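Novice: Have a look at this one.
Readers should treat all values here as calculations from the given coordinates under stated rules, not as data from a laboratory. Since we're looking at a predicted model, the values are computed, not measured. When we count neighbours, we look across all protein chains shown, and the Cβ atoms used for this are built from the backbone with ideal geometry, even at glycine.
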Amino acid sequence: MSQATVHPVFRLFFKLCLIAWSVCILYPLIWTVLSSLKDNQQFFLGKPWDLPKLPLLWSNFTFVWEKYNFASNFVNSLVVTVVSTAAAVLLSATTAYVIARFTFRGNGLLYYSYLSYMMIPTFLGIIPLFFLLNDLHLTNNLFGLTLVYTVTAVPFAVFVLVSFFKSLPGELEEAASIDGASHYGIFFRVMLPLAKPGLISVAIITVLNTWNEYVFALVLISDPTKYTIPVAIAVMQGEMQYRTEWGPLFAALIISMGPPILFYVIFQKQITGGITAGALKG
């Protein structure tokens, strides 16, 4: 149904629903930003939704960054997110290419094995995963955490990328092969650039999921210097609620929310466009 055939009343109703939904989404974010600029007196003597009084306490950000060692937690999350995303995209791209473009015995079984992982609740695998990594001396280790994030991100990425590689014309492979390109050359020089929308979508979703992941980081990391941001904020919340340092706690939330929000704002078109294209091509 085209936009011209939509009744004006329904169009107005849809716009009001979108505005209401936007307010519900933006209000908590704005309230968190305003709360990060308040002192304790404003929290307890004023109303929660009051605007912060001047001067604004930008010192809450430096306080939490320095006193609570939030800088190292930020770097830990950044390193784990970047490395696991790069590894997951590379592994899923090679796997999806083989599944989509080559015919061999067990092709379907391999594909559905990856899909079956997505049906298993994460919590069911935490205990055996902990003992496995503990036997391999990979607990309390950022490399072990990165390995877990990489492995858990691959199945969904394979699911998305298989559709892209299946949609690419086979004539491109034949032409590259005639020109003397090897399988690796065809993949890296021809097929991978053409699957760029899918790769970007997978990378963005992996970044957002990894940056905000809490359970694996909580179970596998016990050294405070190796905490990622979600675990560090949970620890801060436990301490600050008794020390009534609510302003710095909200400042920590803003710092943690900044990178994924910025990342999403920059690449939001690639997220929606890539997944939609993958679904249509599938």
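Novice: Given the -39500 (n - 2.57) contribution per DSSP H run of 4+ residues, what per-residue ellipticity at 222 nm results for the chain, rounded to the nearest 500 deg cm²/dmol? Mind showing how you got there, number by number?
Specialist: Working: 12 runs with 205 residues, N = 282.
Result for the chain: -24500 deg cm²/dmol, rounded to the nearest 500.
Novice: Moving on. Show me the chymotrypsin sites (Phe, Trp or Tyr not before Pro) within the stretch 8-64 that DSSP assigns to loop and that have at most 16 other Cβ atoms within 10 Å of their Cβ. Please list the in-between numbers first.
Specialist: Details: sites: Phe10, Phe13, Phe14, Trp21, Trp31, Phe43, Phe44, Trp49, Trp58, Phe61, Phe63; in loops: Trp49, Trp58.
Listed in order of number, the matching sites are Trp49, Trp58.
Novice: On to the next question. GNM, the chain, Cα, under 10 Å: largest mean-square fluctuation among Pro169, Pro230, Pro259?
Specialist: Taking springs between Cα atoms under 10 Å, the residue moving most is Pro169.
Novice: How far is helix 142-167 tilted, in degrees, relative to the longest principal axis of the Cα atoms in the chain, given as a value from 0 to 90 rounded to the nearest 10?
Specialist: Approximately 50 degrees, to the nearest 10.
Novice: Counting Lys and Arg as +1 and Asp and Glu as -1, each charge on the Cβ, what is the dipole of the stretch 141-213 about the Cα centre in debye, to the nearest 20? Display every interim value, and only then the final one.
Specialist: On the way: 3 positive and 5 negative charges, 38 e Å.
Charge dipole of the stretch 141-213: 180 debye, to the nearest 20.
Novice: Once you put a point 7 Å from the Cα of Tyr214 and another 7 Å from the Cα of Thr103, both along the Cβ direction, what distance in nm separates them?
Specialist: For the pair Tyr214/Thr103, the computed spacing is 4.9 nm.
Novice: Continuing with this model, one more query. Any idea what the dipole of the stretch 22-129 comes to, in debye rounded to 20, about its Cα centre with Lys/Arg Cβ at +1 and Asp/Glu Cβ at -1?
Specialist: 220
Novice: Please identify the chymotrypsin sites (Phe, Trp or Tyr not before Pro) of the stretch 86-146 that satisfy two criteria: DSSP loop assignment and at most 11 other Cβ atoms within 10 Å. Which are they? Provide the component values of the computation, followed by the final result.
Specialist: Numbers: sites: Tyr97, Phe102, Phe104, Tyr111, Tyr112, Tyr114, Tyr117, Phe123, Phe130, Phe131, Phe143; in loops: Phe102, Phe104.
Sparse-neighbourhood loop chymotrypsin sites (Phe, Trp or Tyr not before Pro): Phe102, Phe104.
Novice: So, one more: If I model the stretch 127-175 as equal point scatterers sitting on the Cα atoms and use the Debye formula, what is log10 I(q)/I(0) at q = 0.27 Å⁻¹?
Specialist: After summing over all Cα pairs, the log10 values are -0.96.
Novice: In addition: Using all Cα-Cα distances in the chain, what percent lands in each 5 angstrom bin from 0 up to the longest?
Specialist: Each 5 Å bin holds this share of Cα pairs: 1, 5, 9, 11, 13, 12, 12, 11, 9, 7, 5, 3, 1, 1, 0, 0.
Novice: Choose one of Ser116, Ser167, Trp211: the residue whose Cα lies farthest towards the positive end of the charge dipole of the chain (beta-carbon charges +1 Lys, Arg; -1 Asp, Glu; about the Cα centre).
Specialist: Ser167
Novice: Mind checking the dipole of the chain: about its Cα centre, +1 per Lys or Arg Cβ, -1 per Asp or Glu Cβ, Debye to the nearest 20?
Specialist: Values: 15 positive and 12 negative charges, 133 e Å.
Roughly 640 debye, rounded to the nearest 20.
Novice: If you build a Gaussian network model of the chain, linking Cα atoms that sit under 10 Å apart, which residue out of Ile30, Ile204, Ile261 swings the most?
Specialist: Ile30
Novice: Further question on the same structure: Sequence gap of 8 or more, or different chains, plus Cα separation below 22 Å: how many lysine pairs satisfy both in the chain?
Specialist: The result is 10.
Novice: Treating the angle as unsigned and between 0 and 90°, give the value, to the nearest 10°, between the Cα long axis of helix 8-35 and the longest Cα principal axis of the chain.
Specialist: It works out to around 60 degrees.
Novice: Answer with one residue from Val83, Phe44, Val9: the one whose Cα lies farthest towards the positive end of the charge dipole of the stretch 1-83, charges on Cβ with Lys, Arg +1 and Asp, Glu -1.
Specialist: Positive-most Cα among the choices belongs to Val9.
Novice: Give me the angle, in degrees from 0 to 90, between the Cα long axis of helix 70-101 and the longest principal axis of the Cα atoms of the chain, rounded to the nearest 10.
Specialist: So the helix axis and the longest Cα principal axis differ by about 20 degrees.
Novice: Pick out which of Ala71, Ala153, Ala232 has the largest mean-square fluctuation in a Gaussian network model of the chain, springs linking Cα atoms closer than 10 Å.
Specialist: Ala71
Novice: Full extension from Asp179 to Tyr27: what is 0.36 nm times the residue separation minus their Cα-Cα distance, to one decimal in nm? Intermediate results must be reported in sequence, preceding the final value.
Specialist: Values: separation 152, 0.36 × 152 = 54.72 nm, distance 5.76 nm.
Gain on stretching Asp179 to Tyr27: 49.0 nm.
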